[in-house]
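The block underneath contains the structure these notes are about, expressed in structure tokens.
The values are calculated or read from the model by the stated rules, or taken from the named source; none is laboratory data. Because the structure is predicted, anything quoted here is derived from the model rather than measured. For neighbour counting, all protein chains shown are included, and Cβ atoms are generated from backbone atoms with ideal geometry for every residue, glycine included.
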Amino acid sequence: MFGVVLGGSNNIFSVECEDTVIRQCSIKGKKLEASKGYYNPLAPGDKVEIEVDEQTDTEGQIINLVPRKNEFVRWNVKGRSPQLLAANLDNICIVTTPNEPPFRPRFVDRALAQAEYQNIEPVIICNKCDLQPSCDEEDFEERLSDWESMGYKIIKISAKNGEGLEELAEFLEDKLCALVGQSGVGKSSIINVLDSTCVLKTGSLSQKYGRGTHTTTKGTLLHLTLNESLTGGRQGAIASIIDTPGVRRFVLHDITSKDLALYFREMKNLVGQCSFGMSCTHTHEAGCKILEGVYSGVISEDRYESWQRICSEIDNGTWDD
Ligand SMILES: Nc1nc2c(ncn2[C@@H]2O[C@H](COP(=O)(O)OP(=O)(O)O)[C@@H](O)[C@H]2O)c(=O)[nH]1
Ligand SMILES: [Mg+2]
């Protein structure tokens, strides 16, 4: 019997089987071959083959992992290993906010690079559009329009006042997408307002740090029935969403500083075109196409600075929020 992993801990996973029964499953025998070296062996969205426990019918054992179409991973600093956040996605939804928590464009740039590396089309969901940006309004809008001009879709919403939710519902319909963002940006709130039968726990911002508390500790795949008010009255529209664990930092996995420009969409095609070819460090060389792009305004200074900062984070192994 085949099924999809909805969530679970390292030992027991909820698997939604072909016969629609959700079974609690452990992994049979030794570790799954494809999961060696990972912090967690399976992620929401994984397709697995299970042996149903004949006595209970509500339990089973996972015997195989169906090869993943794609996987979204981050480096787990504490666990010192890559952590699978989700598998088999149509899109990654990077959730950010103008404020509460403060606008963190570098978080978005890192998640964009990881999504590019893993070949999963990212979209940027800017939640809490009812709030004033934590930075200069102009700088905030400029950052968003930079991403947009690179071809990233941006959906501005407010889970609080309902702005933009129809557009979001339309985008998510009939897909499997993962929500990735710092704790407190409103991932669980977004799910609750898309499907009002969902009542996920949402966190209040910690006063002291202006950060969200880690309400969601494990990723979960949810099948949403989109509210009719968001689909022009159509009933039964569905969207599958993975609410990923609250992360404070998004640390890249498996990308070297030398390769990072390949995963910055506006720099990718310039890599290798510099006078010094592949040995160009894009920091000072004459005839560097990336620097020329920055000077001529084709590449935004913010993104170039982000690229520099992330390069040094990779090299030094220290990461900002
Ligand atoms: N002002 C405002 N607050 C929001 C919005 N969406 C969520 N929040 C609040 O932000 C806090 C964190 O939300 P939560 O969904 O738990 O964030 P998560 O950690 O990303 O899942 C909660 O207090 C929500 O009520 C919004 O669009 N506007
Ligand atoms: Mg949450």
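Got at least one residue in segment 287-297 being surrounded by fewer than 20 Cβ atoms within 10 Å (Cβ to Cβ), touching a Ser or Thr at 6+ places or on another chain (Cβ under 8 Å) and on the phi > 0 side of the Ramachandran plot?
Yes; the residues of segment 287-297 include at least one that is surrounded by fewer than 20 Cβ atoms within 10 Å (Cβ to Cβ), touching a Ser or Thr at 6+ places or on another chain (Cβ under 8 Å) and on the phi > 0 side of the Ramachandran plot.
I'm trying to understand the selection: among the residues of segment 159-181, which are near ligand 1 (Cβ under 10 Å from one of its atoms) and touching a Gly at 6+ places or on another chain (Cβ under 7 Å)?
159
Which residue pairs have Cβ atoms under 8 Å apart, sit 6 or more places apart or on different chains, and have a first residue in segment 127-156 that is hydrophobic (A, V, I, L, M, F, W, C) and a second that is part of a helix (DSSP H, G or I)?
147/108; 147/112; 154/144; 154/147; 154/148; 155/167; 155/168; 155/171
Quick one: in segment 53-83, which of the residues that are in contact with a helix residue (DSSP H, G or I) (Cβ under 8 Å, 6 or more places away or on another chain) and assigned to a strand (DSSP E or B) is farthest from residue 223 (Cα to Cα)?
Only one residue tops the list, namely 74.
Please give the helices (runs of 4 or more DSSP H) falling wholly within segment 102-206 in which 3 or more residues are away from ligand 2 (no atom under 16 Å from the Cβ).
By residue number, 105-117, 137-149, 165-172.
Among 47, 78, 28, which is within 20 Å of residue 255 (Cα to Cα) and basic (Lys, Arg)? Quick ask: steps written out before the conclusion?
Numbers: 47 fails: within 20 Å of residue 255 (Cα to Cα); 28 fails: within 20 Å of residue 255 (Cα to Cα).
Testing whether each residue is within 20 Å of residue 255 (Cα to Cα) and basic (Lys, Arg) leaves just 78.
In the list 104, 80, which residue meets the criterion of being in contact (Cβ under 8 Å) with a residue 24 or more places away in the chain and of a type in the set (Lys, Arg)?
That would be 104, the only listed residue that is in contact (Cβ under 8 Å) with a residue 24 or more places away in the chain and of a type in the set (Lys, Arg).
Name the residues in segment 231-253 that are part of a loop (DSSP other than H, G, I, E, B), more than 16 Å from ligand 2 (Cβ to nearest atom) and more than 25 Å from residue 302 (Cβ to Cβ), would you?
231, 232, 233, 234, 235, 236, 237
The rows are residues; the columns are (1) at pLDDT 95 or above; (2) surrounded by 17 or more Cβ atoms within 10 Å (Cβ to Cβ); (3) in contact with a Cys (Cβ under 8 Å, 6 or more places away or on another chain).
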{"position": "87", "(1), (2), (3)": "yes, yes, no"}
{"position": "98", "(1), (2), (3)": "yes, yes, yes"}
{"position": "108", "(1), (2), (3)": "yes, yes, no"}
{"position": "113", "(1), (2), (3)": "yes, yes, no"}
{"position": "162", "(1), (2), (3)": "yes, no, no"}
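In segment 21-41, what residues are modelled with pLDDT under 95 and part of a loop (DSSP other than H, G, I, E, B)?
Once the filter is applied, which keeps residues that are modelled with pLDDT under 95 and part of a loop (DSSP other than H, G, I, E, B), segment 21-41 yields 28, 29, 30, 31, 32, 36, 37, 38, 39, 40, 41.
Out of segment 90-129, which residues are polar (S, T, N, Q) and either under 17 Å from residue 151 (Cα atoms) or more than 12 Å from ligand 1 (Cβ to nearest atom) (or both)?
Passing the criteria: 91, 114, 118, 119.
Select from segment 182-199 the residues that are farther than 13 Å from residue 97 by Cβ and within 7 Å of ligand 1 (Cβ to nearest atom) and list them in ascending order. Give the derivation first.
Of all residues in segment 182-199, those farther than 13 Å from residue 97 by Cβ come to 188, 191-199.
Result: 188, single match.
What's the total number of residues in segment 214-230 that are within 16 Å of ligand 2 (Cβ to nearest atom) and either modelled with pLDDT of 95 or more or outside the structural domain of residue 200 (by TED's automatic domain parsing) (or both)?
3
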